[in-house]
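As structure tokens, the structure follows; a few thoughts come after it.
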Amino acid sequence: MDSHDDCPDRGRKSCPVVSGRRRATGPEPPNGNLDCALTGCRALVADDQASVLMLVSRILKGMGLEVVTVDDGDKAVEVFSRSPLEVDICVLDVGMPGPSGFEVCRNMRQARPDVPVIFLTGYEGRDLESQIARLWPASLLRKPCDATAIRAAVGKALCPDACGVA
């Protein structure tokens, strides 16, 4: 992924990745990055709830990402394994049919140890955070989560320095 050094919003919370808005169009920065909007990045989203898939997909597309959605863990593994270098971030439901989000992540990390993962869960549990810590780089969002939380998690995962959300 391109460097975000030329993003005019570098280091400010107004970066479009965090705020969910894009700046007015203007001259393209020298490195080709469109105001840190993550244009061209690809996300894989796996959740068995159609409403969650639709919401997360809409938010990520609004941030400039290309989005591939699947409704179970087996499909997530299949899509990722076809082209692991083309996926920049994964958003995985912890408790979906087939392999859990954790199992999917472990499988993906065999091919790409660096791929960032955001886990979504509606479950409460003390051991979730410890499991997440072992799967770094990863973070956890509890359902229901809003667009601001999703944008912040994606911004932190994909461009923490440029977005100022580290």
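Quick one: would you say Ser3 is buried (at least 18 other Cβ atoms within 10 Å of the Cβ) and either modelled with pLDDT under 95 or within 23 Å of Lys156 (Cβ to Cβ) (or both)? Before the answer, list the steps.
On the way: buried (at least 18 other Cβ atoms within 10 Å of the Cβ): no; either modelled with pLDDT under 95 or within 23 Å of Lys156 (Cβ to Cβ) (or both): yes.
The answer is no for Ser3.
Do you know which residues across segment 111-134 are surrounded by 17 or more Cβ atoms within 10 Å (Cβ to Cβ) and closer than 20 Å to Glu86 by Cα?
Filtering segment 111-134 down to residues surrounded by 17 or more Cβ atoms within 10 Å (Cβ to Cβ) leaves 115-121, 131-132.
Once the filter is applied, which keeps residues that are surrounded by 17 or more Cβ atoms within 10 Å (Cβ to Cβ) and closer than 20 Å to Glu86 by Cα, segment 111-134 yields Val115, Pro116, Val117, Ile118, Phe119.
Those residues that are in contact with a Pro (Cβ under 6 Å, 6 or more places away or on another chain) and more than 15 Å from Val67 (Cα to Cα), I need them from segment 81-115; list them, please. Show your work before the answer.
Of the residues in segment 81-115, the ones in contact with a Pro (Cβ under 6 Å, 6 or more places away or on another chain) are 89, 111-112.
Selection gives Ala111, Arg112.
Restricting to segment 50-65, give me the number of residues that are surrounded by 15 or more Cβ atoms within 10 Å (Cβ to Cβ) and not aliphatic (A, V, I, L, M).
Initial filter on segment 50-65 (surrounded by 15 or more Cβ atoms within 10 Å (Cβ to Cβ)): 52-53, 55-57, 59-60, 62-65.
Imposing the further condition that a residue be not aliphatic (A, V, I, L, M) reduces the set to 57, 62, 64.
Number satisfying all stated conditions: 3.
Does Val94 meet the test of being under 16 Å from the mean Cα position of the chain (by Cα), farther than 20 Å from Trp136 by Cβ and surrounded by 14 or more Cβ atoms within 10 Å (Cβ to Cβ)? First the steps, then the outcome.
On the way: under 16 Å from the mean Cα position of the chain (by Cα): yes; farther than 20 Å from Trp136 by Cβ: no; surrounded by 14 or more Cβ atoms within 10 Å (Cβ to Cβ): yes.
Taking the combined requirement at face value, the residue does not satisfy it.
Return the only residue of Val77, Val45, Val117, Val56 being farther than 16 Å from Ala157 by Cβ and in contact (Cβ under 8 Å) with a residue 12 or more places away in the chain. Steps first, please.
Values: Val45 fails: farther than 16 Å from Ala157 by Cβ; Val117 fails: farther than 16 Å from Ala157 by Cβ; Val56 fails: farther than 16 Å from Ala157 by Cβ.
On inspection, the qualifying residue turns out to be Val77.
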Glu124 vs. criteria of a type outside the set (A, V, I, L, M, F, W, C), farther than 12 Å from Val45 by Cα and without any contact (Cβ under 8 Å) to a residue 24 or more places away in the chain: yes
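Could you list all residues from segment 40-53 that are in a helix (DSSP H, G or I) and among the hydrophobic types (A, V, I, L, M, F, W, C)?
Step one: list which residues in segment 40-53 are in a helix (DSSP H, G or I), which gives 50-53.
Ala50, Val52, Leu53 - these are the residues of segment 40-53 that are in a helix (DSSP H, G or I) and among the hydrophobic types (A, V, I, L, M, F, W, C).
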Output for segment 137-162, where each listed residue is in contact with a strand residue (DSSP E or B) (Cβ under 9 Å, 6 or more places away or on another chain) and hydrophobic (A, V, I, L, M, F, W, C): Ala138, Leu140, Leu141, Cys145, Ala149, Ile150, Ala153, Val154, Ala157, Leu158
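The values are calculated or read from the model by the stated rules, or taken from the named source; none is laboratory data. Owing to the predicted nature of the structure, the values given are computational and were not obtained by experimental measurement. Cβ sites come from the backbone with ideal geometry, for glycine too, and all protein chains shown count toward neighbours.
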